[in-house]
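So the structure is just underneath, and the comments pick up after that.
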Amino acid sequence: MLGAGRVEHYLFKQLAFVRSGTLKAASGVTEEMADLIPDGFRNSIRWNMGHVYVVLERFAFQYIGLPQQLPDGFKERFEYGTSPLTSASSAPLPSLPELEQLLGEQNARIQATLQDRLQEKITPYTTSTGFTMDSPEQFLSLALYHEGQHQSVIKLYKNLLNR
């Protein structure tokens, strides 16, 4: 929560808006449906939800040198390049309510931690696609794009799996 006279940075409003859309896209998904992988793809709805959480944790906290809140097995299951088809994690899969709770609480924690550090310069990081970022603000901006991509995939998978 912001103190009197403080203005909420637009990024936090956008993060909340996008996250609301992701949770809405995942609504109505059953535990069984969450793990189905449509033909021609390598991930599931559950993976996409976990992946969105893990990447935002990394973007918000890791590169600024702060600890991430990653439940057991999340990095091994949901990080970039992983797939339920190849995951070797022995940790139990998170339930959909667990994922929804983690996703629902993540933005407030990020805002409380970073609201006064958005413009802080950090060691530059270049993504696998060649985009370089050097502030929390830039990481959170890219996270919006990233989550939007996965939100679209969740919608597509629901459509394909409900045929």
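Against the test of being more than 22 Å from Leu161 (Cβ to Cβ), in a helix (DSSP H, G or I), of a type in the set (A, V, I, L, M, F, W, C) and modelled with pLDDT of 95 or more, the options Leu56, Leu23 yield a single qualifying residue, Leu56. The set of residues in the range 132-163 that are of a type in the set (Val, Ile, Thr) and within 15 Å of Asn48 (Cα to Cα) comprises Val153, Ile154. Taking first residues from the range 42-70 that are on the phi < 0 side of the Ramachandran plot and partners that are small (Gly, Ala, Ser) and not in a loop (DSSP other than H, G, I, E, B), the Cβ contacts under 7 Å between residues at least 6 apart in sequence or on separate chains come to Ser44/Ala34; Ile45/Ala26; Ile45/Ala34; Arg46/Ala34; Met49/Ala26; Val55/Ala143; Leu56/Ala143; Phe59/Ala143. For the residues Gln115, Gln101, Gln119, the requirement of being out of contact with any Ser or Thr (no Cβ under 7 Å at 6 or more places or on another chain), more than 20 Å from Leu70 (Cα to Cα) and surrounded by fewer than 17 Cβ atoms within 10 Å (Cβ to Cβ) singles out Gln115.
For the range 24-67, the set of residues classified as of a type in the set (Asp, Glu) and surrounded by 19 or more Cβ atoms within 10 Å (Cβ to Cβ) consists of Glu57 only. Residue pairs whose Cβ atoms lie under 7 Å apart, separated by 6 or more positions or on different chains, with the first residue in the range 101-130 and more than 16 Å from Ser141 (Cα to Cα) and modelled with pLDDT of 95 or more and the second among the hydroxyl-bearing types (Ser, Thr, Tyr) and not in a loop (DSSP other than H, G, I, E, B), are Leu102/Tyr53; Leu103/Thr22; Leu103/Tyr53.
Number of residues in the range 69-102 that are under 12 Å from Tyr53 (Cβ atoms), of a type in the set (A, V, I, L, M, F, W, C) and part of a helix (DSSP H, G or I) equals 4. Quick one: in the range 122-136, which of the residues that are out of contact with any Phe, Trp or Tyr (no Cβ under 7 Å at 6 or more places or on another chain) and surrounded by 16 or more Cβ atoms within 10 Å (Cβ to Cβ) is nearest to Gln14 (Cα to Cα)? Ranking the qualifying residues of the range 122-136, first place goes to Pro136.
The set of residues in the range 35-77 being of a type in the set (Gly, Ala, Ser) and farther than 17 Å from Leu102 by Cβ consists of Gly40, Gly65.
The values are calculated or read from the model by the stated rules, or taken from the named source; none is laboratory data. Only a predicted model underlies this, so the values are computations on that prediction, with no experimental measurement involved. Positions of Cβ are backbone-derived with ideal geometry, glycine not excepted, and every protein chain shown enters the neighbour counts.
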